[in-house]
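Scroll down for the structure; my scribbles are underneath it.
The values are calculated or read from the model by the stated rules, or taken from the named source; none is laboratory data. Since this is a predicted model, take the numbers as computed values, not measurements. With ideal geometry, Cβ positions are generated from the backbone for all residues, glycine too; neighbour counts draw on all protein chains shown.
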Amino acid sequence: MKKISILLLTALCTAAVQGQESKENVALYATDSSGQNAAKSGSTPSGSRQHPAEPEMVFVPGGTFWMISLQEEHPDSSESDENLLHSVTMSSFHIGKYEVTQAQWKLLMDNNPSDFKGDNLPVENVSWNDVQEFIARLNAATGKQYRLPTETEWEYAAREGTKRSSYEYSGSDGISDVAWFDGNSSEKTHPVGQKSPNSLGIYDMSGNVWEWCQDCYDASCLHRVDRGGSWYDCAQACRVADRCSSSPSNCYSNLGFRLVLP
C-alpha cells in the first residue's frame, strides 16, 4: 500500500511539473518582441508563430493605392528618386509588427553585430546579404517563406493599406508621436514598439532604424532600397515618401529590417 502511494505521489508531481513546463513554453512563444503578450493583440494568426525567432506579424489586406511622389507632397523638391506616382494593386500579406530585434537575431545567428546592445532593440549593423542568411535559417527552422518586403509592400503598409493615409510619417503628421529621429533619439536606437503605431498596428515604420527592402535601387542592382529613416536622421528622411539605398554588403548602426510573410 505504501509503495502504491509513493508511485501515485510521484506521478502527480511529474504531471504538475510537466504542466508548469507547458505553461512556461506557451508563455515563451506568446510573448512578442516588446515583452507584451501577443495573444492579447489579435494581430498574429492563431498557430502561425511557433519558433521563438519568428516575428509577430500584422495582417495587411490587399487593395489598390497610389504610391505618392515627393513632388506631389512637396512640389518644390528636386528629389527625383521619389518620383514614383503610380497606381498599384496589392495582394494581402503579413508584415512584422516590429523591426526584427537583437534577441530574435541571436537565436538563429549566434552573434550580435549591433552597435547598440539590448535584446528588445532593433538589430542593426547588418548587411542585406546578412539578412538573407537570417531569413534562410528562419525559413529552414519554420518551413515558412519569410522574406524582406518589396518597396511597394513597405510603403503600402506604412501608408496604412487601403486606408491610404496622407500622413507625412507612418501614422501621424507629428513625427515625435511615431518615430525616433535626430530630434529625440539621444543618438541611439530605442526598444521596438515604444512609439505609437500606425492604424494597422505596425510600429517604427518611421525612424529608429532604416529598413532593408527586397528591391534593387538601380538597374544594375548595385544597391538595394532602404526605407523609413532612423534615429540618426532629420525629420525629412523619416517621411513615408523618402527613399534611400545602400550596397547590399554595407552595414550601418542605423540600418535594420522587418520581415514579410506572403
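Here is how the numbers come out for the structure above:
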read-out	value
Unique residue being within 17 Å of Glu160 (Cα to Cα) and of a type in the set (S, T, N, Q) when the list is Ser206, Ser220, Ser245, Ser249	Ser206
Neighbours by Cβ (under 8 Å, 6+ apart or cross-chain): first from the range 134-159, within 30 Å of Ile175 (Cα to Cα); second surrounded by fewer than 22 Cβ atoms within 10 Å (Cβ to Cβ) and hydroxyl-bearing (Ser, Thr, Tyr)	Arg159/Ser165; Arg159/Tyr167
Count of the range 184-217 residues which are touching a Lys or Arg at 6+ places or on another chain (Cβ under 7 Å), surrounded by fewer than 18 Cβ atoms within 10 Å (Cβ to Cβ) and part of a loop (DSSP other than H, G, I, E, B)	2
Residue list for the range 83-119, restricted to those being assigned to a loop (DSSP other than H, G, I, E, B) and among the basic types (Lys, Arg)	Lys97, Lys117
Pairs, first in the same structural domain as Phe59 (by TED's automatic domain parsing) in the range 86-101, second modelled with pLDDT of 95 or more and polar (S, T, N, Q), C-beta under 6 Å, six or more apart	Thr101/Asn120
Where Ala136 falls short, out of the listed (1) over 21 Å from Asp226 (Cα atoms); (2) in a helix (DSSP H, G or I); (3) of a type outside the set (D, E, K, R)	(1)
Tally of residues being assigned to a loop (DSSP other than H, G, I, E, B), within 21 Å of Ile135 (Cα to Cα) and either of a type in the set (D, E, K, R) or in contact (Cβ under 8 Å) with a residue 40 or more places away in the chain (or both) across the range 218-228	1
Subset of the range 232-256 [under 19 Å from Ala158 (Cα atoms) and in a strand (DSSP E or B)]	Arg243, Cys244, Ser245, Leu255, Gly256
Matching option when the condition is crowded, with 16+ Cβ neighbours inside 10 Å and either modelled with pLDDT of 95 or more or at positive phi (or both), among Thr44, Thr150	Thr150
Matching residues, the range 201-242, being of a type in the set (A, V, I, L, M, F, W, C), farther than 16 Å from Ser253 by Cβ and under 14 Å from the mean Cα position of the chain (by Cα)	Ile202, Met205, Cys213
Condition met for Ser166 (of a type in the set (Gly, Ala, Ser) and surrounded by fewer than 24 Cβ atoms within 10 Å (Cβ to Cβ))	yes
Any hit, the range 92-112, residues being over 24 Å from Arg239 (Cα atoms), modelled with pLDDT of 50 or more, touching a Cys at 6+ places or on another chain (Cβ under 8 Å) and not aromatic (Phe, Trp, Tyr)	no
